[in-house]
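Have a look at the structure below before the remarks.
The values are calculated or read from the model by the stated rules, or taken from the named source; none is laboratory data. This one's a predicted model, so the numbers in the text were calculated from it and none came from an experiment. With ideal geometry, Cβ positions are generated from the backbone for all residues, glycine too; neighbour counts draw on all protein chains shown. Calculation scope for accessible area: heavy atoms of the full protein, side chains included, ligands and nucleic acids excluded. Shrake-Rupley method; radii C 1.70, N 1.55, O 1.52, S 1.80 Å.
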Amino acid sequence: MKLLLKNPIIYDGTISEPYTKDIYIEDGIIKKIDTKIDLKNVKTIDCTNLVVAPGFIDAHSHNDFFVDKENADEMILPFIKQGITTQIVGNCGFSAYGFTDDSLYKHLSGGSLFKANKSGNLNEYMNDLKGKLMVNIVPLIGHGTTRTAVAGYSAKALTKEELAKQMKIVEDALKAGAFGGSLGLMYVPGMFAPSNELIEFAKMVKKYNGILTIHTRANSKIALGYPLIGKPHIEQALDEVIVIMEKTGVKVEYSHLIFVGKASWKCVSPMLKKFKEARASGYDIGYDIYPFTYGASVITVVLPSWYLKLPEKDRIKPLNLFKLKLIINITKKLLGIDYSDMIVSYISPEHSKYEGKNVLEIAQEEKMDPFKMYLKLVNLSKGKGRIMLGRYYNQDIIIRLMNDDLSLYMTDAWYEETGTQNAGTYQAFPFFIQKTRENHIPLERTINKMTKATAERFGISDRGYLCEGYAADITIFDYNEICINEKIPDQTPKGIKYVLVNGEILLDNNKYTNKKSGIILKKSLSND
(Lines give C-alpha, C1' and ligand atoms only; values in the text may rest on other atoms or scores of the structure.)
Protein backbone atom coordinates (compact mmCIF):
# COMPACT_ATOMS: atom_id res chain seq x y z
CA MET A 1 0.00 0.00 0.00
CA LYS A 2 1.17 3.54 -0.83
CA LEU A 3 0.13 6.28 1.56
CA LEU A 4 0.92 9.96 2.02
CA LEU A 5 0.43 11.81 5.30
CA LYS A 6 0.13 15.54 4.57
CA ASN A 7 0.91 18.42 6.94
CA PRO A 8 1.24 16.41 10.18
CA ILE A 9 2.60 17.68 13.48
CA ILE A 10 5.33 15.08 13.83
CA TYR A 11 6.42 13.81 17.23
CA ASP A 12 9.03 11.34 16.05
CA GLY A 13 9.44 9.34 19.27
CA THR A 14 12.46 11.22 20.56
CA ILE A 15 12.31 14.01 23.12
CA SER A 16 12.96 16.56 20.38
CA GLU A 17 10.37 19.24 19.67
CA PRO A 18 7.75 18.50 17.01
CA TYR A 19 8.07 19.57 13.39
CA THR A 20 5.93 19.57 10.25
CA LYS A 21 6.85 17.52 7.17
CA ASP A 22 5.01 15.10 4.94
CA ILE A 23 5.48 11.33 5.36
CA TYR A 24 5.39 8.88 2.44
CA ILE A 25 4.79 5.18 3.17
CA GLU A 26 5.18 2.27 0.80
CA ASP A 27 5.08 -1.50 1.37
CA GLY A 28 4.84 -1.05 5.12
CA ILE A 29 7.96 1.11 5.39
CA ILE A 30 8.47 4.84 5.89
CA LYS A 31 10.14 5.74 2.59
CA LYS A 32 10.43 9.48 2.83
CA ILE A 33 9.97 12.32 5.32
CA ASP A 34 10.29 15.70 3.63
CA THR A 35 8.63 19.05 3.04
CA LYS A 36 5.81 19.16 0.51
CA ILE A 37 5.85 15.66 -0.93
CA ASP A 38 3.44 15.66 -3.91
CA LEU A 39 2.50 12.34 -5.47
CA LYS A 40 -0.33 11.29 -7.76
CA ASN A 41 -2.50 8.17 -7.41
CA VAL A 42 -1.54 7.75 -3.76
CA LYS A 43 -3.99 7.56 -0.90
CA THR A 44 -3.58 10.76 1.11
CA ILE A 45 -4.60 11.58 4.67
CA ASP A 46 -4.82 15.25 5.54
CA CYS A 47 -3.16 15.48 8.97
CA THR A 48 -3.45 19.25 9.40
CA ASN A 49 -3.55 20.06 13.15
CA LEU A 50 -3.17 16.37 13.98
CA VAL A 51 -0.29 14.74 15.85
CA VAL A 52 1.48 11.96 13.97
CA ALA A 53 3.51 9.72 16.27
CA PRO A 54 5.04 6.25 16.17
CA GLY A 55 2.49 3.57 16.99
CA PHE A 56 2.19 3.21 20.75
CA ILE A 57 3.96 0.22 22.31
CA ASP A 58 2.24 -1.41 25.28
CA ALA A 59 5.10 -2.39 27.62
CA HIS A 60 3.09 -4.97 29.57
CA SER A 61 0.29 -7.04 28.06
CA HIS A 62 -1.24 -10.49 28.39
CA ASN A 63 -2.89 -10.58 24.98
CA ASP A 64 -0.82 -13.58 23.87
CA PHE A 65 -3.66 -15.53 25.50
CA PHE A 66 -6.35 -13.68 23.51
CA VAL A 67 -5.08 -12.92 20.00
CA ASP A 68 -6.00 -16.42 18.80
CA LYS A 69 -9.51 -16.55 20.25
CA GLU A 70 -12.49 -16.88 17.91
CA ASN A 71 -13.61 -13.37 18.88
CA ALA A 72 -10.08 -11.91 18.82
CA ASP A 73 -11.20 -8.91 16.76
CA GLU A 74 -13.59 -7.88 19.53
CA MET A 75 -10.93 -8.46 22.18
CA ILE A 76 -8.06 -6.60 20.52
CA LEU A 77 -9.91 -3.73 18.84
CA PRO A 78 -10.13 -1.66 22.08
CA PHE A 79 -6.33 -1.62 22.20
CA ILE A 80 -6.08 -0.51 18.56
CA LYS A 81 -8.52 2.30 19.36
CA GLN A 82 -6.10 3.47 22.05
CA GLY A 83 -3.44 3.91 19.38
CA ILE A 84 -1.53 0.76 20.37
CA THR A 85 0.23 -1.04 17.51
CA THR A 86 2.60 -3.34 19.41
CA GLN A 87 2.20 -5.28 22.66
CA ILE A 88 4.87 -6.95 24.77
CA VAL A 89 3.39 -10.23 25.96
CA GLY A 90 4.26 -13.24 28.10
CA ASN A 91 4.45 -11.19 31.30
CA CYS A 92 4.07 -12.12 34.99
CA GLY A 93 5.56 -15.56 34.42
CA PHE A 94 2.77 -16.65 32.05
CA SER A 95 3.16 -17.06 28.31
CA ALA A 96 0.73 -18.79 25.95
CA TYR A 97 3.68 -20.86 24.67
CA GLY A 98 6.48 -22.74 26.40
CA PHE A 99 5.20 -26.32 26.54
CA THR A 100 6.83 -29.44 25.14
CA ASP A 101 4.79 -32.00 23.22
CA ASP A 102 5.28 -34.59 25.96
CA SER A 103 4.24 -32.36 28.88
CA LEU A 104 1.65 -33.87 31.20
CA TYR A 105 0.47 -30.45 32.35
CA LYS A 106 -0.78 -28.68 29.23
CA HIS A 107 -4.21 -28.30 30.81
CA LEU A 108 -2.64 -26.00 33.43
CA SER A 109 -1.36 -23.48 30.90
CA GLY A 110 -1.98 -19.89 32.00
CA GLY A 111 -2.37 -20.65 35.68
CA SER A 112 -5.51 -19.35 37.36
CA LEU A 113 -5.53 -16.17 35.26
CA PHE A 114 -5.59 -17.31 31.64
CA LYS A 115 -6.22 -20.24 29.35
CA ALA A 116 -4.24 -20.89 26.19
CA ASN A 117 -6.12 -22.18 23.16
CA LYS A 118 -3.24 -24.46 22.30
CA SER A 119 -0.25 -25.33 24.48
CA GLY A 120 2.95 -25.66 22.48
CA ASN A 121 6.28 -23.99 21.85
CA LEU A 122 6.98 -20.50 20.54
CA ASN A 123 7.64 -21.62 16.96
CA GLU A 124 4.27 -23.35 16.83
CA TYR A 125 2.59 -20.28 18.31
CA MET A 126 4.19 -18.05 15.67
CA ASN A 127 3.14 -20.31 12.81
CA ASP A 128 -0.44 -20.56 14.06
CA LEU A 129 -0.86 -16.78 14.12
CA LYS A 130 0.53 -15.84 10.71
CA GLY A 131 -1.90 -13.51 8.96
CA LYS A 132 -4.26 -13.39 11.95
CA LEU A 133 -2.91 -10.52 14.06
CA MET A 134 -4.22 -6.96 14.37
CA VAL A 135 -1.27 -5.77 16.47
CA ASN A 136 2.39 -6.70 16.53
CA ILE A 137 3.43 -9.09 19.29
CA VAL A 138 6.75 -9.00 21.16
CA PRO A 139 7.05 -12.35 22.98
CA LEU A 140 8.65 -13.07 26.34
CA ILE A 141 8.94 -16.61 27.70
CA GLY A 142 7.21 -17.13 31.05
CA HIS A 143 9.02 -18.81 33.92
CA GLY A 144 5.73 -19.97 35.42
CA THR A 145 4.69 -21.55 32.14
CA THR A 146 7.97 -23.41 31.66
CA ARG A 147 7.97 -24.60 35.28
CA THR A 148 4.40 -25.82 34.87
CA ALA A 149 5.43 -27.65 31.70
CA VAL A 150 7.89 -29.84 33.62
CA ALA A 151 6.36 -30.06 37.13
CA GLY A 152 2.81 -28.73 37.09
CA TYR A 153 1.93 -26.63 40.14
CA SER A 154 4.22 -28.55 42.48
CA ALA A 155 5.53 -26.51 45.40
CA LYS A 156 8.68 -28.64 45.60
CA ALA A 157 12.03 -27.49 44.27
CA LEU A 158 12.73 -28.85 40.81
CA THR A 159 15.06 -31.79 40.56
CA LYS A 160 18.30 -31.36 38.64
CA GLU A 161 16.73 -33.13 35.67
CA GLU A 162 13.55 -31.01 35.80
CA LEU A 163 15.55 -27.80 36.00
CA ALA A 164 17.63 -28.82 33.00
CA LYS A 165 14.45 -29.58 31.05
CA GLN A 166 12.96 -26.24 32.01
CA MET A 167 16.08 -24.37 30.93
CA LYS A 168 16.02 -26.22 27.60
CA ILE A 169 12.48 -24.91 26.98
CA VAL A 170 13.56 -21.40 27.92
CA GLU A 171 16.61 -21.52 25.66
CA ASP A 172 14.60 -22.88 22.74
CA ALA A 173 12.17 -19.96 23.08
CA LEU A 174 15.00 -17.42 23.20
CA LYS A 175 16.57 -19.00 20.12
CA ALA A 176 13.18 -18.83 18.39
CA GLY A 177 13.07 -15.08 18.89
CA ALA A 178 11.71 -14.33 22.39
CA PHE A 179 12.94 -10.94 23.58
CA GLY A 180 13.50 -12.18 27.13
CA GLY A 181 11.61 -13.82 29.96
CA SER A 182 9.28 -13.03 32.83
CA LEU A 183 8.86 -14.00 36.47
CA GLY A 184 5.58 -14.06 38.38
CA LEU A 185 6.67 -14.36 42.00
CA MET A 186 3.21 -13.67 43.41
CA TYR A 187 1.58 -16.50 41.46
CA VAL A 188 1.58 -20.28 41.46
CA PRO A 189 3.97 -21.85 40.53
CA GLY A 190 6.46 -18.96 40.38
CA MET A 191 6.08 -18.31 44.10
CA PHE A 192 7.45 -21.79 44.83
CA ALA A 193 10.71 -21.39 42.89
CA PRO A 194 13.80 -21.22 45.13
CA SER A 195 16.45 -18.59 44.54
CA ASN A 196 18.78 -20.86 42.55
CA GLU A 197 16.03 -21.62 40.03
CA LEU A 198 15.27 -17.93 39.52
CA ILE A 199 18.97 -17.23 39.08
CA GLU A 200 19.30 -19.95 36.43
CA PHE A 201 16.32 -18.54 34.56
CA ALA A 202 17.78 -15.03 34.70
CA LYS A 203 21.19 -16.30 33.54
CA MET A 204 19.59 -17.88 30.49
CA VAL A 205 17.81 -14.63 29.63
CA LYS A 206 21.10 -12.75 30.07
CA LYS A 207 22.92 -15.26 27.84
CA TYR A 208 20.73 -14.17 24.93
CA ASN A 209 20.93 -10.47 25.78
CA GLY A 210 17.25 -10.44 26.73
CA ILE A 211 15.21 -8.51 29.25
CA LEU A 212 13.63 -10.00 32.38
CA THR A 213 10.29 -8.60 33.52
CA ILE A 214 9.40 -9.33 37.14
CA HIS A 215 6.07 -9.33 38.96
CA THR A 216 7.46 -9.18 42.49
CA ARG A 217 6.20 -10.90 45.64
CA ALA A 218 4.76 -7.72 47.13
CA ASN A 219 3.12 -4.54 45.84
CA SER A 220 2.12 -3.23 49.25
CA LYS A 221 3.45 -2.44 52.69
CA ILE A 222 2.50 -5.91 53.90
CA ALA A 223 2.14 -9.13 51.94
CA LEU A 224 1.93 -12.85 52.53
CA GLY A 225 5.24 -14.63 52.91
CA TYR A 226 7.07 -11.91 54.81
CA PRO A 227 7.46 -11.35 58.56
CA LEU A 228 5.49 -8.39 59.93
CA ILE A 229 8.60 -7.01 61.61
CA GLY A 230 11.04 -5.18 59.37
CA LYS A 231 10.92 -2.76 56.47
CA PRO A 232 7.88 -2.62 54.15
CA HIS A 233 7.39 -5.76 52.11
CA ILE A 234 7.27 -3.87 48.82
CA GLU A 235 10.83 -2.72 49.52
CA GLN A 236 11.92 -6.24 50.48
CA ALA A 237 10.49 -7.48 47.17
CA LEU A 238 12.63 -4.96 45.28
CA ASP A 239 15.66 -6.14 47.25
CA GLU A 240 15.08 -9.62 45.81
CA VAL A 241 15.04 -8.17 42.30
CA ILE A 242 18.31 -6.38 42.91
CA VAL A 243 19.93 -9.60 44.18
CA ILE A 244 18.92 -11.32 40.93
CA MET A 245 20.59 -8.51 38.97
CA GLU A 246 23.70 -8.62 41.15
CA LYS A 247 24.12 -12.35 40.58
CA THR A 248 23.37 -12.38 36.85
CA GLY A 249 23.74 -8.89 35.37
CA VAL A 250 20.39 -9.31 33.60
CA LYS A 251 18.44 -6.28 32.39
CA VAL A 252 15.24 -5.98 34.45
CA GLU A 253 11.88 -4.34 33.91
CA TYR A 254 9.98 -4.14 37.21
CA SER A 255 6.38 -4.91 36.25
CA HIS A 256 3.58 -2.48 37.11
CA LEU A 257 5.06 -0.39 39.90
CA ILE A 258 2.08 0.18 42.20
CA PHE A 259 1.63 0.95 45.88
CA VAL A 260 -1.47 -0.94 46.99
CA GLY A 261 -3.19 0.61 49.99
CA LYS A 262 -2.70 4.06 51.45
CA ALA A 263 -0.21 2.69 53.97
CA SER A 264 2.13 1.87 51.08
CA TRP A 265 2.27 5.39 49.69
CA LYS A 266 5.08 6.37 52.06
CA CYS A 267 7.20 3.81 50.20
CA VAL A 268 7.24 5.80 46.95
CA SER A 269 10.34 7.86 47.74
CA PRO A 270 12.37 4.96 49.20
CA MET A 271 11.47 2.78 46.20
CA LEU A 272 12.43 5.42 43.64
CA LYS A 273 15.66 6.06 45.54
CA LYS A 274 16.44 2.33 45.42
CA PHE A 275 15.82 2.23 41.65
CA LYS A 276 18.16 5.19 41.13
CA GLU A 277 20.84 3.68 43.36
CA ALA A 278 20.69 0.42 41.41
CA ARG A 279 21.10 2.34 38.14
CA ALA A 280 24.00 4.30 39.61
CA SER A 281 25.62 0.97 40.55
CA GLY A 282 25.50 -0.13 36.92
CA TYR A 283 22.36 -2.27 36.93
CA ASP A 284 19.94 -1.81 34.05
CA ILE A 285 16.53 -1.54 35.72
CA GLY A 286 13.34 0.35 34.91
CA TYR A 287 9.62 -0.04 35.55
CA ASP A 288 6.25 0.40 33.90
CA ILE A 289 3.04 2.03 35.16
CA TYR A 290 -0.60 2.57 34.25
CA PRO A 291 -2.63 5.76 34.71
CA PHE A 292 -5.42 4.49 36.95
CA THR A 293 -5.60 4.55 40.74
CA TYR A 294 -7.08 1.05 40.78
CA GLY A 295 -6.44 -2.29 39.14
CA ALA A 296 -8.01 -5.64 38.43
CA SER A 297 -7.90 -8.29 41.14
CA VAL A 298 -9.68 -11.42 42.33
CA ILE A 299 -12.43 -11.22 44.93
CA THR A 300 -10.44 -13.46 47.30
CA VAL A 301 -7.57 -10.96 47.40
CA VAL A 302 -7.75 -10.37 51.17
CA LEU A 303 -8.62 -13.95 52.16
CA PRO A 304 -5.78 -15.88 53.84
CA SER A 305 -4.74 -19.21 52.36
CA TRP A 306 -5.73 -21.18 55.49
CA TYR A 307 -9.35 -20.08 55.07
CA LEU A 308 -9.45 -20.89 51.35
CA LYS A 309 -8.19 -24.40 52.06
CA LEU A 310 -11.02 -25.14 54.54
CA PRO A 311 -13.96 -27.31 53.45
CA GLU A 312 -17.12 -25.24 53.04
CA LYS A 313 -18.69 -26.71 56.19
CA ASP A 314 -15.71 -25.53 58.25
CA ARG A 315 -15.68 -22.02 56.79
CA ILE A 316 -18.93 -21.13 58.54
CA LYS A 317 -17.87 -22.28 62.01
CA PRO A 318 -18.04 -19.33 64.44
CA LEU A 319 -14.42 -19.63 65.56
CA ASN A 320 -13.12 -19.62 61.98
CA LEU A 321 -15.35 -16.66 61.06
CA PHE A 322 -14.18 -14.73 64.12
CA LYS A 323 -10.55 -15.43 63.28
CA LEU A 324 -11.10 -14.50 59.62
CA LYS A 325 -12.85 -11.21 60.42
CA LEU A 326 -10.05 -10.26 62.79
CA ILE A 327 -7.38 -11.00 60.17
CA ILE A 328 -9.23 -9.12 57.41
CA ASN A 329 -9.71 -6.09 59.65
CA ILE A 330 -6.02 -6.09 60.53
CA THR A 331 -5.09 -6.51 56.87
CA LYS A 332 -7.34 -3.64 55.79
CA LYS A 333 -5.90 -1.45 58.51
CA LEU A 334 -2.29 -2.26 57.70
CA LEU A 335 -2.82 -1.86 53.96
CA GLY A 336 -4.98 1.24 54.16
CA ILE A 337 -7.89 -0.15 52.13
CA ASP A 338 -11.53 -0.83 52.93
CA TYR A 339 -14.61 -2.52 51.47
CA SER A 340 -15.42 0.74 49.69
CA ASP A 341 -12.23 0.23 47.64
CA MET A 342 -13.46 -3.12 46.27
CA ILE A 343 -15.61 -2.49 43.18
CA VAL A 344 -17.29 -5.64 41.86
CA SER A 345 -16.51 -6.49 38.23
CA TYR A 346 -18.08 -9.94 38.10
CA ILE A 347 -19.82 -12.42 40.40
CA SER A 348 -21.86 -14.65 38.10
CA PRO A 349 -24.31 -14.29 35.20
CA GLU A 350 -27.16 -14.44 37.71
CA HIS A 351 -25.78 -11.61 39.85
CA SER A 352 -24.95 -8.84 37.37
CA LYS A 353 -26.83 -6.38 39.62
CA TYR A 354 -23.73 -6.16 41.79
CA GLU A 355 -21.39 -5.11 38.97
CA GLY A 356 -20.00 -1.59 39.17
CA LYS A 357 -20.81 -1.21 42.88
CA ASN A 358 -18.38 -1.44 45.77
CA VAL A 359 -18.83 -3.98 48.56
CA LEU A 360 -19.82 -1.33 51.11
CA GLU A 361 -22.56 0.03 48.81
CA ILE A 362 -23.91 -3.46 48.23
CA ALA A 363 -23.88 -4.20 51.96
CA GLN A 364 -25.85 -1.02 52.68
CA GLU A 365 -28.40 -1.84 49.97
CA GLU A 366 -28.92 -5.32 51.39
CA LYS A 367 -28.70 -4.15 55.01
CA MET A 368 -25.86 -6.51 55.82
CA ASP A 369 -22.61 -6.21 57.71
CA PRO A 370 -19.87 -5.47 55.09
CA PHE A 371 -17.83 -8.48 56.23
CA LYS A 372 -20.79 -10.84 55.80
CA MET A 373 -21.66 -9.22 52.47
CA TYR A 374 -18.12 -9.71 51.25
CA LEU A 375 -18.21 -13.42 52.15
CA LYS A 376 -21.60 -13.75 50.47
CA LEU A 377 -20.13 -12.35 47.25
CA VAL A 378 -17.18 -14.74 47.52
CA ASN A 379 -19.57 -17.68 47.94
CA LEU A 380 -21.94 -16.57 45.17
CA SER A 381 -19.00 -16.45 42.77
CA LYS A 382 -17.56 -19.70 44.12
CA GLY A 383 -14.38 -17.78 44.81
CA LYS A 384 -13.98 -16.80 41.15
CA GLY A 385 -15.40 -13.28 41.29
CA ARG A 386 -13.44 -10.26 40.10
CA ILE A 387 -13.05 -6.81 41.59
CA MET A 388 -11.32 -3.55 40.79
CA LEU A 389 -9.22 -2.78 43.85
CA GLY A 390 -8.67 0.89 44.61
CA ARG A 391 -5.89 2.91 46.27
CA TYR A 392 -3.13 1.54 44.04
CA TYR A 393 -1.76 5.03 44.30
CA ASN A 394 -3.12 8.58 44.00
CA GLN A 395 -3.00 11.20 41.23
CA ASP A 396 0.06 12.93 42.68
CA ILE A 397 2.01 9.66 42.69
CA ILE A 398 0.98 8.89 39.11
CA ILE A 399 2.20 12.27 37.88
CA ARG A 400 5.43 11.85 39.83
CA LEU A 401 6.03 8.48 38.18
CA MET A 402 5.13 9.85 34.75
CA ASN A 403 7.85 12.48 35.20
CA ASP A 404 10.44 9.93 36.28
CA ASP A 405 13.04 8.94 33.68
CA LEU A 406 12.75 5.21 34.47
CA SER A 407 9.02 4.78 33.83
CA LEU A 408 7.35 3.31 30.74
CA TYR A 409 3.64 2.98 29.99
CA MET A 410 1.43 -0.08 29.70
CA THR A 411 -2.12 -1.44 30.00
CA ASP A 412 -1.83 -4.76 31.92
CA ALA A 413 -5.43 -5.35 30.83
CA TRP A 414 -7.47 -7.71 28.71
CA TYR A 415 -11.00 -7.96 27.38
CA GLU A 416 -13.41 -9.64 29.79
CA GLU A 417 -16.07 -11.86 28.23
CA THR A 418 -18.22 -11.52 31.34
CA GLY A 419 -18.85 -8.71 33.81
CA THR A 420 -17.59 -5.14 33.58
CA GLN A 421 -14.45 -4.21 31.67
CA ASN A 422 -11.11 -3.02 32.97
CA ALA A 423 -10.65 0.60 31.90
CA GLY A 424 -7.09 -0.25 30.89
CA THR A 425 -8.44 -2.30 27.99
CA TYR A 426 -10.02 0.79 26.45
CA GLN A 427 -8.48 3.94 27.88
CA ALA A 428 -4.95 3.62 29.31
CA PHE A 429 -2.83 5.31 26.64
CA PRO A 430 -5.28 8.13 25.83
CA PHE A 431 -5.54 8.71 29.59
CA PHE A 432 -1.76 9.14 29.77
CA ILE A 433 -2.07 11.75 27.02
CA GLN A 434 -4.96 13.47 28.79
CA LYS A 435 -2.90 13.62 32.00
CA THR A 436 0.01 14.96 29.97
CA ARG A 437 -2.11 17.86 28.73
CA GLU A 438 -3.74 18.56 32.10
CA ASN A 439 -0.45 18.54 34.00
CA HIS A 440 1.61 20.45 31.43
CA ILE A 441 4.02 17.60 30.79
CA PRO A 442 5.83 18.00 27.44
CA LEU A 443 3.98 15.82 24.93
CA GLU A 444 7.23 14.72 23.30
CA ARG A 445 8.28 13.21 26.64
CA THR A 446 5.09 11.18 26.95
CA ILE A 447 5.23 9.96 23.35
CA ASN A 448 8.87 8.99 23.85
CA LYS A 449 7.88 6.75 26.77
CA MET A 450 5.08 5.19 24.70
CA THR A 451 7.29 4.54 21.67
CA LYS A 452 11.04 4.88 21.19
CA ALA A 453 12.00 4.46 24.86
CA THR A 454 9.98 1.25 25.13
CA ALA A 455 11.34 -0.08 21.82
CA GLU A 456 14.92 0.55 22.94
CA ARG A 457 14.33 -0.93 26.37
CA PHE A 458 13.05 -4.22 24.95
CA GLY A 459 15.44 -4.36 22.01
CA ILE A 460 12.87 -3.77 19.25
CA SER A 461 15.02 -2.53 16.40
CA ASP A 462 12.69 -1.01 13.77
CA ARG A 463 9.72 0.42 15.68
CA GLY A 464 8.97 3.34 17.94
CA TYR A 465 10.65 6.00 15.81
CA LEU A 466 9.45 7.96 12.78
CA CYS A 467 12.34 7.92 10.39
CA GLU A 468 13.03 6.68 6.90
CA GLY A 469 13.52 2.92 6.74
CA TYR A 470 11.51 2.12 9.88
CA ALA A 471 8.29 0.11 9.91
CA ALA A 472 5.20 2.26 9.37
CA ASP A 473 3.50 1.71 12.71
CA ILE A 474 1.85 5.09 13.21
CA THR A 475 -0.79 6.65 15.45
CA ILE A 476 -2.55 9.87 14.43
CA PHE A 477 -4.58 11.83 16.97
CA ASP A 478 -6.02 15.20 17.90
CA TYR A 479 -4.12 16.21 21.03
CA ASN A 480 -6.74 18.70 22.21
CA GLU A 481 -9.61 16.25 21.67
CA ILE A 482 -8.09 13.29 23.54
CA CYS A 483 -10.46 12.49 26.38
CA ILE A 484 -11.70 9.49 28.34
CA ASN A 485 -14.76 8.94 30.52
CA GLU A 486 -13.61 7.45 33.83
CA LYS A 487 -17.20 6.59 34.77
CA ILE A 488 -17.65 4.38 31.70
CA PRO A 489 -14.57 2.11 31.57
CA ASP A 490 -15.48 0.46 28.26
CA GLN A 491 -16.15 3.67 26.34
CA THR A 492 -13.88 4.31 23.36
CA PRO A 493 -11.78 7.41 24.06
CA LYS A 494 -12.07 10.47 21.88
CA GLY A 495 -9.27 11.81 19.74
CA ILE A 496 -7.57 8.77 18.16
CA LYS A 497 -8.16 9.18 14.42
CA TYR A 498 -5.96 6.75 12.48
CA VAL A 499 -3.81 3.76 13.39
CA LEU A 500 -1.40 2.13 10.95
CA VAL A 501 0.22 -1.26 11.55
CA ASN A 502 2.99 -2.16 9.11
CA GLY A 503 1.70 0.46 6.69
CA GLU A 504 -1.89 -0.76 6.62
CA ILE A 505 -4.69 1.43 7.95
CA LEU A 506 -6.41 -0.51 10.74
CA LEU A 507 -8.28 2.47 12.15
CA ASP A 508 -9.65 4.91 9.58
CA ASN A 509 -11.15 7.96 11.28
CA ASN A 510 -11.76 5.72 14.32
CA LYS A 511 -13.41 2.95 12.28
CA TYR A 512 -11.88 -0.53 12.08
CA THR A 513 -11.03 -1.63 8.53
CA ASN A 514 -10.85 -5.39 9.28
CA LYS A 515 -7.17 -5.55 8.29
CA LYS A 516 -4.80 -8.10 9.85
CA SER A 517 -1.35 -6.62 9.32
CA GLY A 518 0.23 -7.36 12.69
CA ILE A 519 3.15 -9.76 13.02
CA ILE A 520 5.06 -11.53 15.76
CA LEU A 521 8.41 -9.80 16.06
CA LYS A 522 11.52 -11.90 16.62
CA LYS A 523 14.63 -10.81 18.46
CA SER A 524 17.75 -11.02 16.35
CA LEU A 525 20.42 -13.31 17.81
CA SER A 526 23.06 -11.35 15.91
CA ASN A 527 22.95 -8.74 18.66
CA ASP A 528 23.95 -11.22 21.38
Helix-only mean residue ellipticity at 222 nm for the chain, each DSSP H run of n ≥ 4 adding -39500 (n - 2.57), per residue, nearest 500: -9500 deg cm²/dmol
The range 230-378 pair-distance distribution - Cα-Cα, 10 Å bins, rounded %: 9, 30, 29, 20, 11, 1
Mean shadow area (nm²) of the C-alpha convex hull around the range 115-201 is 5.9
What is the diffusion coefficient of the range 1-135 in µm²/s, taking the Kirkwood radius over Cα pairs and the Stokes-Einstein relation at 10 °C with a viscosity of 1.306 mPa s? 90
Two-site label geometry, Met191 and Thr492: point separation in nm, points 7 Å out along Cα→Cβ: 4.0
Equivalent ellipsoid, the range 74-171 (semi-axes from 5 times Cα gyration tensor eigenvalues, Å): 27, 13, 12
Cut-off under 5 Å, modelled amide H: who pairs with Cys92 long-range: Leu183, His215
With label points set 7 Å from each Cα along the Cα-to-Cβ direction at Asn117 and Glu17, the distance between them in nm comes to 4.9
Would you calculate the volume per residue, in Å³, of the smallest convex hull containing every Cα atom of the range 169-253? 88
What base-10 log of the normalised intensity I(q)/I(0) is obtained for the range 295-438 from the Debye formula, alpha carbons as equal point scatterers, at q = 0.09, 0.22 Å⁻¹? -0.34, -1.40
With a cut-off of 18 Å, note down the residues of the range 60-97 whose backbone N falls inside the zone around a label point 7 Å from the Cα of Asn514 toward its beta carbon. 70-78
Carbon and sulfur atoms account, in whole percent of the 1.4 Å probe accessible area of the range 46-87, for 42
Expected sort for 296-303, 12-19 on mean C-beta neighbours within 10 Å, highest first, is 296-303, 12-19
Computed Rg/Rh of the range 370-525, alpha carbon atoms with Kirkwood Rh: 1.02
Coil-residue trypsin sites (Lys or Arg not before Pro) of the range 381-471, DSSP, other Cβ within 10 Å capped at 11: Lys382
Note to self: C-alpha centroids of the range 329-385 and the range 161-234 sit apart, in Å, by 32
So what is the relative contact order for the range 57-208, in percent, with contacts set as C-alpha pairs under 8 Å and at least six apart? 27
In Å², and per residue, what accessible area does the range 62-201 have when probed at 1.4 Å with the other protein chains present? 34
Going highest first, how would you order 186-192, 489-495 by mean Cβ packing within 10 Å? 186-192, 489-495
Can you send over the carbon and sulfur percentage of the accessible area for the range 297-378, probe radius 1.4 Å, protein chains only? 60
Based on alpha-carbon atoms only, what is the radius of gyration of the range 295-345 relative to the globular estimate 2.2 N^0.38 Å? 1.21
Stokes-Einstein translational diffusion, the chain - Kirkwood Rh over all Cα pairs, 0.692 mPa s, 37 °C, in µm²/s: 138
On a full-extension model of 0.36 nm per residue, what is the gain between Leu326 and Ser305, subtracting their alpha-carbon distance, rounded to one decimal in nm? 6.1 nm
Could you list the residues of the range 49-63 with an amide nitrogen less than 16 Å from a label point located 7 Å from the Cα of Ile441 in the Cα-to-C-beta direction? 56-60
In degrees, nearest ten, helix 233-248 long axis to first principal axis of the chain (Cα): 60
Two-site label geometry, Lys384 and Asp405: point separation in nm, points 7 Å out along Cα→Cβ: 4.8
Relative to the longest principal axis of the chain, what angle (0 to 90°, nearest 10) does the C-alpha long axis of helix 370-380 take? 70
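When only Cα pairs under 8 Å and 6 or more residues apart are kept, what is the percent relative contact order across the range 317-403?
30
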Zone of Glu277's modelled label, taken as backbone nitrogen in the range 233-265 under 14 Å from a point 7 Å along Cα→Cβ: 235-243
Based on the mean of other Cβ atoms within 10 Å per residue, sort peptides 422-430, 516-524, 220-228 so the most packed one is first. 422-430, 516-524, 220-228
Given a cut-off of 13 Å, what percent of all Cα-Cα pairs of the range 449-515 lie beyond it? 70
